[in-house]
Each structure stands twice: as C-alpha cells, then as structure tokens.
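Undergrad: Here it is, the structure in full.
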Amino acid sequence: ASNPNSYKLLEDVISEVIELFPSEYIHIGGDEVNKKNWENCARCQRFMQKNNFDSHELQSHFVNHFDQFIRSKNRKLMGWDEITEGNLSPTASITFWHGIEELGDKLQKKHPTVIATGTSYYFDHYQSLSEHEPQAWGGYSPLSQVYHLEPVPLEIDQNLKPLILGIQG
C-alpha cells in the first residue's frame with residue numbers, strides 16, 4: 001500500500017475492467033487484508049509514520065485513492081464492509097456481509113450499502129442436511145432461512161434505509 005508501482009498496476013487493471021464491463025459500480029474487494037504485512041514492511045512503516053497513519057488509515061488511503069480514480073472514470077467504487085475501517089471516502093459504497101444484527105451500526109457510517117449477509121445470502125453454504133448434498137463451504141443456509149430473513153430489520157432507523165441499495169446472494 002506504500003509502493004507507487006502497486007497503484008499504477010491496479011489503475012491499469014481497473015481501467016481494463018472498466019473497458020470490459022459497463023457496470024455503474026466497480027467492486028474492489030478490500031476484505032481479508034492482512035495488515036500485519038504492512039507492520040513488517042519498512043517502506044509501509046516509513047509511509048505510515050510520515051503521514052501519521054495506523055494500518056487502518058493506510059488501507060483507507062489506498063482505497064480512497066481508487067475511489068477517486070474510479071470516480072474519474074464516471075463509475076462508483078464498492079468494496080466489502082471492512083473498507084470502512086479507518087477514514088473511508090464518503091462516496092464509497094459497501095457490500096455488507098456480516099450478521100444482519102450489525103447492519104444498523106454499519107449504516108451509521110452513511111455509505112450506500114448492498115446487504116449480502118453471510119449468515120443467509122452465501123449460497124455456497126449447505127442448503128440441506130442430506131448426506132447427498134454436494135460439497136459446500138462455510139455453513140448451513142437452507143432456502144427457508146434465506147426466504148424468511150428480513151433483509152432490512154424493522155429496528156433500523158428510517159433515515160438510514162435509503163442507504164440500502166438492495167441485497168445480493
């Protein structure tokens with residue numbers, strides 16, 4: 001995150017993605033970032049000290065750079081909700097994968113949000129308890145659970161609901 005060559009490489013990749021896909025949003029990921037690598041990187045340490053960043057702020061700096069870059073191409077940045085750690089640009093959107101009970105707290109950060117909660121909307125989970133169920137990953141999400149989940153809990157502040165762009169499976 002402190003190497004200018006990384007930024008250039010990713011700008012080239014994102015530019016190519018933008019050419020190939022006409023979508024309004026470009027999803028950059030941003031979850032599962034191993035910030036310990038930055039703590040062990042001398043260049044990153046110098047960059048963080050120079051800018052008075054911790055590892056969350058370094059990730060925000062990185063993501064915010066690409067938010068500006070993507071907006072300069074008339075698109076919108078989206079990433080997993082971990083990109084809100086630190087000081088994320090207010091124009092960035094998120095895909096929320098955590099438990100639905102945490103949604104209200106995440107919406108307080110005022111980012112447009114797609115709900116993709118891992119407890120129900122990850123369709124690579126097991127969908128039955130049958131021994132004939134194909135190999136799956138991560139959990140058990142039967143169709144009845146998916147169908148009955150209220151994606152926008154009633155207790156969510158009415159003023160925050162417009163931030164919800166939709167759901168994703």
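Undergrad: Taking K and R as +1 and D and E as -1, what net charge do the other residues with C-beta under 10 Å from the C-beta of L103 add up to?
TA: The answer is -4.
Undergrad: Just need the Rg to Rh number for segment 1-85, please, alpha carbons only, Kirkwood Rh.
TA: Rg divided by Rh gives 0.99.
Undergrad: Given Cβ point charges of +1 (Lys, Arg) and -1 (Asp, Glu) and nothing else, what value in debye, to the nearest 20, does the dipole of the chain about its Cα centre take?
TA: 800
Undergrad: Grab the Cα-Cα distance for N5 and K110, subtract it from 0.36 nm times how many residues apart they are, and report the gain in nm with one decimal.
TA: Contour length minus Cα-Cα distance gives 34.6 nm.
Undergrad: Right, here's the next one. Considering amide H positions built from the backbone, and no H for Pro or chain starts, which residues 5 or more places from I94, or on another chain, come under 5 Å of its amide H?
TA: Placed amide hydrogens put G79, T113, V114 under 5 Å from I94.
Undergrad: Provide the descending list of Cα extents for segment 120-168 along its principal axes, expressed in whole angstroms.
TA: Its Cα atoms span 45, 16, 13 Å along the three principal axes.
Undergrad: Local charge sum around G86 (other residues, Cβ-Cβ under 9 Å, Lys/Arg +1, Asp/Glu -1)?
TA: Residues close to G86 contribute a combined charge of -3.
Undergrad: Ignoring everything except DSSP H segments at least 4 long, calculate the 222 nm mean residue ellipticity for the chain; use -39,500 (n - 2.57) per segment, divide by total residues, nearest 500.
TA: For the chain, the value works out to -10500 deg cm²/dmol.
Undergrad: Based on the alpha-carbon gyration tensor of segment 49-101 and its eigenvalue square roots a ≥ b ≥ c, which shape applies: rounded if a/c is under 1.5, prolate if not and a/b is larger than b/c, or oblate?
TA: It comes out oblate by the Cα gyration axes.
Undergrad: Another question about this same structure. In segment 24-71, with Lys and Arg counted as +1 and Asp and Glu as -1 at Cβ, which of these residues, H61, G30, C41, has the Cα nearest the positive end of the dipole, that is, farthest along it?
TA: Highest projection toward the positive end goes to C41.
Undergrad: For segment 65-141, what is the Kirkwood estimate of the hydrodynamic radius, computed as the reciprocal of the mean inverse distance between distinct Cα atoms, to one decimal in Å?
TA: 14.2
Undergrad: Here's a follow-up. Can you tell me the 0 to 90 degree angle between the C-alpha axis of helix 55-72 and the longest principal axis of the chain, rounded to 10?
TA: Around 90 degrees separate the two axes.
Undergrad: Could you list which residues have their amide H under 5 Å from that of I26, counting only those 5 or more apart in sequence or on another chain, with H placed in the peptide plane?
TA: K76, L77, M78
Undergrad: If ligands, DNA and RNA are left out, what is the accessible area of T84 with a 1.4 Å probe, given in Å² to the nearest 10?
TA: 10
Undergrad: What does the C-alpha gyration tensor say about the overall shape of the chain? Classify as rounded when a/c is under 1.5, otherwise prolate if a/b is larger than b/c, or oblate.
TA: prolate
Undergrad: Under a plain spin-label model, where a point goes 7 Å from the Cα along Cα-to-Cβ, how far apart in nm are D31 and E131?
TA: The two pseudo-label positions are separated by 3.3 nm.
Undergrad: Give the separation of the Cα centroids, segment 97-148 to segment 11-73, in Å.
TA: Distance between centres, Cα-based: 26 Å.
Undergrad: When the accessible area of segment 1-88 is split by element with a 1.4 Å probe, what percent falls to carbon and sulfur?
TA: Carbon and sulfur together cover 48 percent of it.
Undergrad: Related question: Past 21 Å, Cα to Cα, is the threshold; run K76/K110; K36/K106; K73/K106; K35/K76; K76/K109 against it and keep the listed order.
TA: Violating the 21 Å limit, Cα to Cα: K36/K106; K73/K106; K35/K76.
Undergrad: Here's another thing I want to ask about it. Placing unit charges on C-beta atoms (Lys and Arg positive, Asp and Glu negative, everything else neutral), compute the dipole magnitude of segment 40-118 about its Cα centre in debye, rounded to 20.
TA: It comes to approximately 560 debye.
Undergrad: Please name whichever of G118, P142, L129 sits farthest to the positive end of the charge dipole of segment 106-159, dipole taken about the Cα centre and charges placed at Cβ: Lys and Arg +1, Asp and Glu -1.
TA: Farthest towards the positive end: G118.
Undergrad: Another question about this same structure. What is the gain in length, in nm to one decimal, between N74 and D157 on full extension, counting 0.36 nm per residue of separation less the C-alpha to C-alpha distance?
TA: 26.8 nm
Undergrad: In addition: Before I look further, what does the chain give for accessible area per residue, probe 1.4 Å, in whole square angstrom?
TA: 61
Undergrad: While we're here: Compare Y121, Y25, Y147 in a GNM of the chain, Cα atoms joined below 10 Å, and give the one with the largest fluctuation.
TA: Among Y121, Y25, Y147, the largest mean-square fluctuation in the Gaussian network model of the chain belongs to Y147.
The values are calculated or read from the model by the stated rules, or taken from the named source; none is laboratory data. All values derive from a computational prediction rather than experimental measurement. Cβ coordinates were reconstructed from backbone atoms using ideal geometry, including for glycine residues, and neighbour counts include every protein chain displayed. Side chains included, ligands, DNA and RNA excluded: accessible areas come from the protein's heavy atoms. Shrake-Rupley method; radii C 1.70, N 1.55, O 1.52, S 1.80 Å.
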